[in-house]
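Engineer: Please find one structure pasted underneath; my questions will follow.
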Amino acid sequence: MSVLDRLLTRVAHAMSWVALASLAFMMLAITIDVLARALSGRAVPGLFELSELSMALVVFMGLGATLLDDGHIRVTLLTDRLPKPLGRQFTALGWVFAGLTFALLAWPATKEAAYSVSIFEFRWGAVQMPIWWAKVIVAVGLWFAALQALIHAALIALDRLPPQRRVSATSVTH
């Protein structure tokens with residue numbers, strides 16, 4: 001199980017670099033678009049549409065890194081007051097529910113992505129922009145988050161979380 005966790009961690013890091021590159025592109029594209037509007041009165045064709053699609057990359061490629069950084073929103077008022085083993089089990093149960101929620105979101109996203117790919121979906125804006133690939137990324141990001149959350153839940157339940165992630169993931173030590 002820890003080998004799978006290390007693999008998922010590597011994949012999450014790679015996906016976070018994609019998210020970071022997309023964020024950098026989005027910032028640069030919006031800046032260029034604003035300057036173009038100020039100087040010429042016209043937007044750069046396609047930059048707005050690309051910025052929209054970059055948002056999907058930022059959000060859904062960054063889900064895995066959010067788990068690694070312990071950035072998901074949690075309320076630990078109850079688990080902090082329970083005995084450590086019980087608190088750990090409830091924390092694991094919470095991660096199971098998070099994984100199931102991601103999976104419930106991933107299923108229709110996958111169906112929509114498959115349809116979008118089958119018709120090579122695009123949207124009209126200043127330019128014709130393919131969007132099927134962004135829908136695939138949304139589905140992949142959600143399935144990855146579901147798998148990662150379920151593995152994280154199992155590691156917490158078995159008390160096998162790596163030491164560098166143990167304290168922040170269980171929130172039982174204060």
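Engineer: Looking at region 12-110, which trypsin sites (Lys or Arg not before Pro) are DSSP coil and have at most 15 other C-beta atoms within 10 Å of their C-beta?
Structural biologist: ARG42, ARG74, ARG81
Engineer: Taking the alpha-carbon centroid of each part, what is the distance from region 38-84 to region 18-33 in angstrom?
Structural biologist: 13 Å
Engineer: Turning to a different aspect of this structure: Apply 1/(1 + (r/R0)^6) to the Cβ-Cβ distance of LEU77 and LEU39, taking R0 = 41 Å, and write down the FRET efficiency to the nearest 0.05.
Structural biologist: Efficiency computed from Cβ-Cβ geometry: 0.20.
Engineer: Once R0 is set to 35 Å, what does the formula 1/(1 + (r/R0)^6) return for the Cβ-Cβ distance between THR31 and ARG10, expressed as a FRET efficiency to the nearest 0.05? Please list the in-between numbers first.
Structural biologist: Values: r = 32 Å, r/R0 = 0.92.
Plugging the Cβ-Cβ distance into 1/(1 + (r/R0)^6) gives 0.60.
Engineer: Continuing with the same structure: With N residues in the chain, what two-decimal value do you get for its Cα radius of gyration over 2.2 N^0.38 Å?
Structural biologist: Computed over Cα atoms of the chain, the ratio equals 1.26.
Engineer: Putting +1 on Lys and Arg Cβ atoms and -1 on Asp and Glu Cβ atoms, find which of ALA113, MET55, LEU93 reaches farthest to the positive end of the dipole of region 1-147.
Structural biologist: Selected residue: LEU93.
Engineer: Tell me which DSSP H helices of the chain clear both cut-offs, 15 Å or more of axial length from alpha-carbon atoms and a mean Kyte-Doolittle hydropathy of at least -0.5. Numbers along the way, then the final one.
Structural biologist: On the way: long enough: 2-40 (56 Å, 1.28); 47-61 (20 Å, 1.75); 84-118 (50 Å, 0.51); 132-157 (38 Å, 1.72).
Helices meeting the criterion: 2-40, 47-61, 84-118, 132-157.
Engineer: If I take R0 = 25 Å and measure r between the Cβ atoms of LEU20 and TRP133 in this structure, what FRET efficiency does the formula 1/(1 + (r/R0)^6) give, to the nearest 0.05? Walk me through the numbers before you get to the answer.
Structural biologist: Values: r = 18 Å, r/R0 = 0.74.
So, using R0 = 25 Å, E works out to roughly 0.85.
Engineer: Neighbouring Cβ atoms within 10 Å as the yardstick, rank VAL138, VAL59 fewest first.
Structural biologist: VAL59, VAL138
FYI, it's all coordinate maths here, none of it is from the lab. Worth saying up front: this structure is predicted, and the values here are computed from it rather than measured. Reconstructed Cβ throughout: ideal geometry from the backbone, glycine too, with neighbour counts over all protein chains shown.
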